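Asker: First the structure, then my questions, so here it is.
A short reminder: the numbers here are calculations on the coordinates, not readings from a lab. What you see is a predicted model; the values in this text were computed from it and never measured. Here Cβ is always computed from backbone atoms with ideal geometry, including for glycine, and neighbour counts include all displayed protein chains.
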Amino acid sequence: MSIDLKTREIKPLRHTYTHVARLIGGDKPATRYQETLGAQPSANFHYRPTWDLEHDLFDPSRSKIRMDQWDDLRDPRQFYYATWTMARARQFEAVETNFAFVESHGMLAALPEKIREEALVVLTPLRHVAWGDNMNNSQICATAYGAAFTAPAMLYAMDQLGIAQLLTRFALTLGEAAELERGRDAWLRDPTWQPLRRLLEDSFVITDPLELFVVQDVALDGLLYPLIYEGFVQDKLVPAGGAAVGLLTAFMSEWHEETVRWIDAVLRKLASFSSENATTLSGWAQASIARAKEALAPVAARALGEKAPAVLGDAAESLQRRLAKAGLSV
Amino acid sequence: MSNVFIALQDTDEARPIIEAILADNPQSQLTHSPAMVKIDVPNRLVIRRERIEEITGLPFDLQRIHVNLISLSGHIEEDDDQFVLSWKR
Amino acid sequence: MDTRVEKKKLSLRERYHLMTRGLGWEPTYQPTEKVFPFTAYEGIKIHDWDKWEDPFRLTMDAYWKYQGEKEKKLYAVIDAFAQNNGFLSLTDARYLNAIKIFIQGVTPLEYYAHRGFAFAGRHFRGEGLRVACQMQSLDELRHTQTELHSISVYNKFFNGFHNPLHWFDRVWYLSVPKSFFEDANSSGPFEFLTAISFSFEYVLTNLLFVPFMSGAAYNGDLSTVTFGFSAQSDESRHMTLGIECIKFMLEQDPDNVPIVQRWIDKWFWRGYRVLTLVGMMMDYMLPKRVMSWREAWEIYGEQNGGALFQDLGRYGIREPAGFRDACDGKDHISHQAWLTFYTYDPVAAFHTWVPSDAELDWLSAKYPESFDRYYRPRLLYLREQQAAGTPVANKNLPLLCNVCQIPMFFTEPGDPRRICYRESVYEGERYHFCSDHCKSIFDHEPEKYVQSWLPVHQIYQGNCFKPGTDPTAPGFDPIKAVLDYYEINNGRDNLWYDNSEDRRNFEAWTAEARGN
């Protein structure tokens with residue numbers, strides 16, 4: 001037996017907003033994601049920012065990169081605030097479960113001391129890297145052009161805050177508050193970390209938001225996440241008795257895999273728009289991958305010993321292949 | 001002396017919170033509007049986690065208040081056990 | 001084998017400190033002034049960022065958890081409303097013109113706030129403040145998107161909703177909120193927080209939210225009410241950021257006090273001027289009225305504001321310079337605005353009308369000092385002309401105040417029969433203002449306000465025609481050409497309610513819904 005519910009059908013005058021219709025090929029029902037496109041004011045600005053008298057409030061010329069329609073930089077994940085928030089809430093329920101499991105099943109006590117120490121030494125300072133990442137993505141959101149690209153940048157920034165806090169909790173779980181001081185001290189003074197810190201501080205003064213996107217999201221995160229969470233945690237610590245570490249940091253790999261889809265879609269769109277874009281992006285990518293590789297080398301060495309160059313090399317090659325698919329030549 | 005207030009959605013979920021506030025703040029004045037409950041208290045309003053847990057019989061994370069909160073006034077002090085609104089800093 | 005000493009349990013405050021304060025560091029490879037180039041140029045002095053008290057201590061996992069729950073609940077209601085043609089339960093379709101003002105004039109401001117807080121979230125020194133700003137940037141993105149979504153159902157069935165962003169950037173009355181928020185976004189981070197977090201989201205917020213959300217509740221708009229309550233809880237966090245920020249600046253250095261005072265004066269006045277549109281909405285656009293603008297002003301402006309500035313007195317802050325004049329205006333501004341919008345309805349993307357006799361009587365009762373004397377006769381004249389088939393439409397364009405960009409219909413404080421005119425000369429050019437306070441704002445930063453894109457000036461300069469328009473062609477109609485540039489559908493989005501498609505459709509659909 002089927003039930004046929006009748007609700008009154010009133011014929012609509014139109015399906016969606018005009019500004020959305022222009023972006024999706026005509027007046028048809030728009031998905032909620034599509035409804036978020038084109039939300040940025042774009043003309044007739046009143047006052048130049050006192051913090052940047054050379055540009056309008058929203059100004060595509062802050063970047064060397066050119067686009068006709070910046071809202072074409074779509075997010076294949078189709079994240080808008082609601083779906084992103086609910087997805088992260090679900091993921092962090094799993095994080096919570098994992099922490100509870102590790103704590104209540106004696107996995108911490110069972111963690112070999114050597115593994116615990118290595119995990120803390122390598123992972124704790126990364127909370128500062130995540131903070132720098134948060135700063136850069138806030139900057140991209142503030143100064144890039146178009147709602148389609150800037151909204152995911154802010155989501156990325158807050159994901160990084162979430163990761164920084166997760167790493168903080170990780171350190172507090174494996175150790176005491178003093179571990180955070182130790183990690184901070186290493187970040188500020190230990191030679192292992194200085195090239196990476198210098199790279200990050202140099203990134204803080206980049207003014208082209210697309211260049212910053214390449215330096216931080218494409219190059220640094222493109223190497224850091226595979227190196228640390230696959231190369232170090234998954235491939236080294238977990239088989240050696242560090243399953244707890246794998247559980248507690250599982251979010252990071254998941255996040256990276258998901259976010260790469262957004263990054264690559266943006267690059268593909270930008271590179272295919274013009275050969276100038278492709279050339280500029282490729283140049284930035286080449287330089288920043290080389291630099292990130294160099295900066296990560298001592299960290300990799302500390303984490304992986306003699307295996308470091310091979311693992312880091314693999315990660316770089318993987319990244320280069322990824323970017324080639326997106327239309328860059330690195 | 002000025003009132004502090006908290007306004008919450010008038011839902012099942014918020015009910016234990018509202019009851020807890022009324023129990024721990026004897027000078028509360030409650031006002032009902034469509035879908036909203038507002039509680040005014042002279043100078044200081046306290047919400048205690050333990051009181052809510054007594055009412056529901058379940059553990060309660062005080063930060064859950066955010067889900068049903070509509071508005072508030074006063075300076076906020078929060079810790080794991082209580083959430084206080086007051087006019088003195 | 002590991003015997004571990006029982007871990008010291010951290011308090012919420014301690015844990016939160018480790019989760020935020022501990023993340024940042026003082027750069028050494030780049031000069032601090034290059035990494036944070038905007039912290040000093042406004043003249044605000046901060047000596048000790050450690051004194052910053054985080055108003056709410058939400059870590060990201062808690063943020064996601066609670067906001068995620070709020071989103072689920074909210075979208076369920078919005079979708080139910082849409083699926084069931086909830087708009088058929090509205091009191092009548094005149095109400096929708098209030099929501100047109102909202103989507104055209106308020107929703108884009110949420111977007112500006114999202115971007116402005118992203119900027120503040122990067123460029124302050126203190127980590128706690130940066131995190132609070134960043135969470136606010138997310139919240140404002142939330143508001144932008146949920147407003148666009150919850151109002152999208154009205155766009156399907158009614159006019160005046162379909163092109164809000166295009167209108168926002170061009171249409172004359174929308175340069176009022178546009179210039180207001182751009183003034184904030186183009187200022188430095190400390191002024192931005194004073195303007196938005198404090199003046200707008202603490203001092204004036206109830207004057208925006210209560211009218212719209214209560215208006216929605218009283219008029220059968222479940223979608224907007226639900227959004228309003230859900231957004232207000234975010235506003236609680238925003239309000240506490242605002243008050244914390246003001247106190248922090250005032251406590252850090254006495255030299256900050258005069259700077260903050262000037263900002264409070266400026267932003268109270270600019271915010272108050274934008275609220276003219278809200279006052280007009282409350283008094284004229286709600287078939288079922290909540291309260292008058294005058295009443296709302298007395299509760300939320302005079303009482304609440306009075307208590308607040310009493311409290312801030314201990315820092316040497318006094319009430320805003322325009323406060324008395326704002327109080328004087330409570331009997332007048334909504335009527336003056338409605339009369340103007342009525343006569344310019346041919347070029348506005350929403351409908352106006354003359355209130356019914358019952359509504360005129362309500363206005364008389366709410367405004368015993370002013371309505372019958374100054375405004376009822378004019379409304380009756382409009383009604384008479386409309387009935388005769390010659391509705392009063394002003395074919396000239398009004399002089400706009402250079403700062404607030406509202407047409408110059410405001411009257412002298414204390415004398416509602418005289419338009420208030422003020423002016424300044426700057427570098428050989430004359431600039432016009434609606435009040436002492438807009439003039440004072442200009443005089444302090446003329447190099448900023450001379451940049452204003454004033455819609456009326458721009459029309460007269462020929463900048464408001466679509467490319468390819470020939471003003472010398474025979475039969476050229478400038479108003480039609482401007483409507484074309486605005487992308488206002490002539491005859492559908494504009495003109496008075498009585499002959500509108502909105503009215504015809506609403507009456508037909510509700511008759512059908514209730515009949516057999």
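Asker: Take the residue pairs B:38/C:73; C:178/C:439; C:8/C:45; A:28/C:100; C:34/C:65; B:38/C:70 and return only those whose Cα atoms are more than 25 Å apart.
Answerer: Over 25 Å Cα-Cα: C:8/C:45; C:34/C:65.
Asker: Residue by residue, what Karplus-based ³J(HN,Hα) values in Hz, rounded to whole numbers, does the range C:52-66 have, using 6.51, -1.76 and 1.60 with θ = phi - 60° and x for Gly and Pro?
Answerer: Residue by residue, the range C:52-66 yields 5, 9, 5, x, 10, 10, 8, 7, 4, 5, 5, 4, 4, 4, 6 Hz.
Asker: Another question about this same structure. Under a straight-distance cross-link criterion of Cα-Cα below 17 Å, which lysines are reachable from residue A:114, leaving out those fewer than 8 residues away in the same chain?
Answerer: A:236
Asker: Once each part is reduced to its C-alpha centroid, what is the distance from the range C:288-348 to the range C:177-199 in angstrom?
Answerer: With the range C:288-348 and the range C:177-199 each reduced to a Cα centre, they are spaced 19 Å.
Asker: What are the aspartates and glutamates whose alpha-carbon lies under 12 Å from the alpha-carbon of residue A:293, with same-chain residues fewer than 8 places away excluded?
Answerer: Straight-distance partners of residue A:293: A:221, A:314, A:317.
Asker: Okay, moving on. Arranged by the count of other C-beta atoms within 10 angstrom, fewest first, what order do C:294, A:90, A:62 take? Kindly include the intermediate steps, with their values, before the conclusion.
Answerer: Details: C:294 24, A:90 13, A:62 18.
Starting with the residue having the fewest Cβ neighbours, the order is A:90, A:62, C:294.
Asker: Report the Cα centroid-to-centroid distance between the range C:113-131 and the range C:440-468 in angstrom, as an integer.
Answerer: Using only Cα atoms, the two centres lie 30 Å from each other.
Asker: Another question, if that's okay. Could you identify which residue out of A:51, A:187, A:262 has the top mean-square fluctuation in a GNM of chain A using Cα springs shorter than 10 Å?
Answerer: A:51
Asker: Skipping prolines and chain starts, which residues have an amide H placed within reach, meaning under 5 Å, of the one on residue B:4, given they are 5 or more residues away or on another chain?
Answerer: Correct list: B:41, B:43, B:44.
Asker: A further question on this structure: With a ≥ b ≥ c taken as the square roots of the eigenvalues of the C-alpha gyration tensor of the range C:65-514, please select rounded if a/c is under 1.5 and otherwise prolate if a/b is larger than b/c or oblate if it is not? Provide the component values of the computation, followed by the final result.
Answerer: Details: a/c = 1.45, a/b = 1.20, b/c = 1.21.
Rounded is the answer for the range C:65-514, as its axis ratio a/c remains below 1.5.
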